[in-house]
Structure formats: structure tokens, C-alpha cells
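Here is the structure we will look at.
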Amino acid sequence: MTDLPPTVLRLPRAVWRGGAFVETADRAVPAETPVALVYDGGTQAVMMASPADIEDFAVGFSLTEGIVGSLAEIESLEVVDQGIGLEARMWLAKNPARDLGARRRALAGPTGCGLCGVDSLAQAVKPARVVASDAVFTAAEVHEALEALSRAQSLNFATRAVHGAAFWGPADGLVAVREDVGRHNALDKLAGHLARTGRDVATGFIVLSSRVSVEMIQKSAVIGAGLVVAVSAPTALGVRMAEEAGITLAAIARGDGFEVFTHPHRIVADKASQNAGLRKV
């Protein structure tokens with residue numbers, strides 16, 4: 001893999017407070033760069049992303065966008081620095097049914113663009129996969145995962161300007177976290193990492209620092225986790241998609257609680273109460 005550009009830059013700025021400039025000093029800001037996703041010699045998409053974990057991004061994007069059905073379909077992957085941006089060059093196993101031209105994102109999408117290049121309403125609201133995970137988690141585990149994500153977001157700690165996506169499992173705690181200037185990119189990077197490491201995603205859940213829109217649920221459904229926990233609020237279409245996909249969606253998660261919008265059976269007070277039903281409130 002090529003040496004990647006830095007993920008954080010220090011830039012000079014002047015601070016204005018109380019009606020005047022009070023200081024001039026550097027501030028850490030996140031880098032972003034165009035990343036071209038190239039399949040069999042043709043560019044399918046150009047996305048603005050943080051220049052880190054690009055191999056994970058390429059694999060995750062390929063999976064969550066339905067370009068490939070499994071990691072095995074990507075025969076080779078190389079990241080090349082072109083100076084003005086990065087190319088993730090992939091060669092795919094032959095598949096006569098694959099039509100990359102059906103959803104080509106030939107133009108650069110904005111940072112974290114989730115639906116750029118979609119050319120029909122049906123593609124924008126396509127049904128998500130139905131998740132089959134039957135794992136159950138306690139509220140304490142949800143809070144533990146939220147705290148772990150916050151501690152693990154080193155890039156956001158430095159810049160306060162990036163999103164995070166993590167996977168948490170009861171046996172291992174925080175398995176992986178990926179950060180990016182785009183929330184969709186962060187989730188794609190996480191998807192790629194989980195696929196490349198062969199993680200059993202049915203045993204854990206996804207934690208997001210961002211809001212939960214429909215495409216975040218669609219991507220989470222491809223990953224296969226039964227629970228998605230988010231710090232921010234969901235959109236109405238995101239909630240509807242989570243309901244249809246069988247995903248438990250817990251959002252607006254804080255240290256003192258969270259709100260469960262769909263399939264609440266996966267969150268219990270403790271594992272002993274798993275079969276006791278929901279307590280009336």
C-alpha cells in the first residue's frame with residue numbers, strides 16, 4: 001500500500017472574541033482528499049474522504065453499495081497516490097450479472113455523500129437486507145460501547161470535525177473504530193475492516209457518532225449487525241428502514257439513557273431478563 005497523506009494538518013488562524021482579534025495560533029484540522037474507486041480500470045465513484053484506512057474504505061464501499069457480494073469477489077486491491085488524490089484500484093472476479101454502469105458515480109461527490117449518482121427514486125429507497133441476528137445486549141453494554149467510542153476517536157479529539165463508526169462485542173469490547181470527515185465513509189471503512197478480518201458481526205453491534213439517515217441503515221444492514229446505536233437522532237425514513245430490516249435502532253444516546261425506535265427486544269436490563277418481556281413505563 002502507498003504511503004498516505006497526513007490525516008491532520010495544522011493551519012494558522014486568528015481568533016475573534018469580544019469584538020477584536022485576541023490571538024493568532026495554529027489549529028489542528030482534518031485533511032480530506034478525493035478518493036477514486038476504480039474497478040477493472042474504470043472509475044465508479046470519486047468521494048471526498050479522510051486519507052486513512054483507504055483499503056478498508058474500498059472494500060466496505062464495494063460491499064455496502066452492492067458492487068460485490070463478498071470480499072472474495074475482489075481479486076486484487078491497490079491504493080495509488082496520484083498527487084491530487086488517491087485511487088483505490090480493484091480487479092474483480094468475472095461476474096456476467098454485474099453492471100457497474102447502472103450506478104456510476106463519475107463525478108466527485110461531496111464529503112460523505114450517501115446518494116450522489118443515484119438516478120432513480122427506487123434506488124434511493126431500495127429495501128434494506130433483513131438482519132437475522134438474535135443477539136441481545138444490556139443497557140450497560142450500550143453505555144460501555146458509547147464511552148469506548150468517545151475515547152477511541154483520536155482524530156476527532158484532535159480536530160473536533162470528524163465522524164466515527166465502531167463495532168462493539170460483549171466478549172472483546174470495542175473491536176474496531178474508523179473515522180472520516182464523512183459519516184458514510186466512516187461506516188464503509190468499518191464495514192471493510194470487519195469483512196477483511198472475518199468478524200462475526202451477528203454477535204455485536206454498531207456504534208455511530210452521527211445521525212442515522214436511511215443510507216446509514218442500508219449500509220448497516222449489509223454489514224449484518226442487529227443493533228445500531230447512534231449519538232445523534234435518526235431521520236423518519238431511517239427509522240422506517242430499520243423497522244423493515246429488523247434492526248434495533250437506539251439513538252440520541254447519552255450517558256443517562258437512549259431512545260429505542262425499532263425492535264426493542266434486543267436491549268434488556270440484564271441478560272436474566274431477556275425472556276421476561278419489556279417492563280411497562
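Looking across the stretch 245-256, just one residue is more than 20 Å from the chain's Cα centre (by Cα) and touching a residue at least 12 places away in the same chain (Cβ under 8 Å), and that is Gly255.
The condition (being among the polar types (S, T, N, Q), under 16 Å from His143 (Cα atoms) and surrounded by fewer than 24 Cβ atoms within 10 Å (Cβ to Cβ)) is satisfied by just one residue among Ser213, Ser209: Ser209. Applying a threshold of 6 Å to beta carbon distances and a minimum spacing of six or more residues, or different chains, the list of pairs starting in the stretch 15-36 at a residue that is among the small types (Gly, Ala, Ser) and ending at one that is surrounded by 10 or more Cβ atoms within 10 Å (Cβ to Cβ) and in a strand (DSSP E or B) reads Ala28/Val8; Ala28/Arg10; Ala31/Leu9; Ala36/Thr43; Ala36/Val46; Ala36/Glu87.
Looking at Leu174, is it in contact with a strand residue (DSSP E or B) (Cβ under 7 Å, 6 or more places away or on another chain), within 30 Å of Arg27 (Cβ to Cβ) and surrounded by fewer than 24 Cβ atoms within 10 Å (Cβ to Cβ)? Against the criterion (in contact with a strand residue (DSSP E or B) (Cβ under 7 Å, 6 or more places away or on another chain), within 30 Å of Arg27 (Cβ to Cβ) and surrounded by fewer than 24 Cβ atoms within 10 Å (Cβ to Cβ)), Leu174 qualifies.
The stretch 168-240 holds strands (runs of 3 or more DSSP E) entirely within its bounds, and those carrying 3 or more residues that are touching a helix residue (DSSP H, G or I) at 6+ places or on another chain (Cβ under 6 Å) and modelled with pLDDT of 95 or more map to 173-180, 227-230.
Taking the stretch 40-72, which residues are of a type in the set (A, V, I, L, M, F, W, C) and within 21 Å of Gly198 (Cβ to Cβ)? Within the stretch 40-72, Ile54, Phe57, Ala58, Val59, Phe61, Leu63, Ile67, Val68, Leu71, Ala72 meet the criteria. Screening Gly164 with (1) in the same structural domain as Gly60 (by TED's automatic domain parsing); (2) modelled with pLDDT of 95 or more; (3) surrounded by 14 or more Cβ atoms within 10 Å (Cβ to Cβ) gives one miss only, at (1).
The values are calculated or read from the model by the stated rules, or taken from the named source; none is laboratory data. Bear in mind that the values here come from a model prediction, so they are computed numbers and not experimental data. Cβ sites come from the backbone with ideal geometry, for glycine too, and all protein chains shown count toward neighbours.
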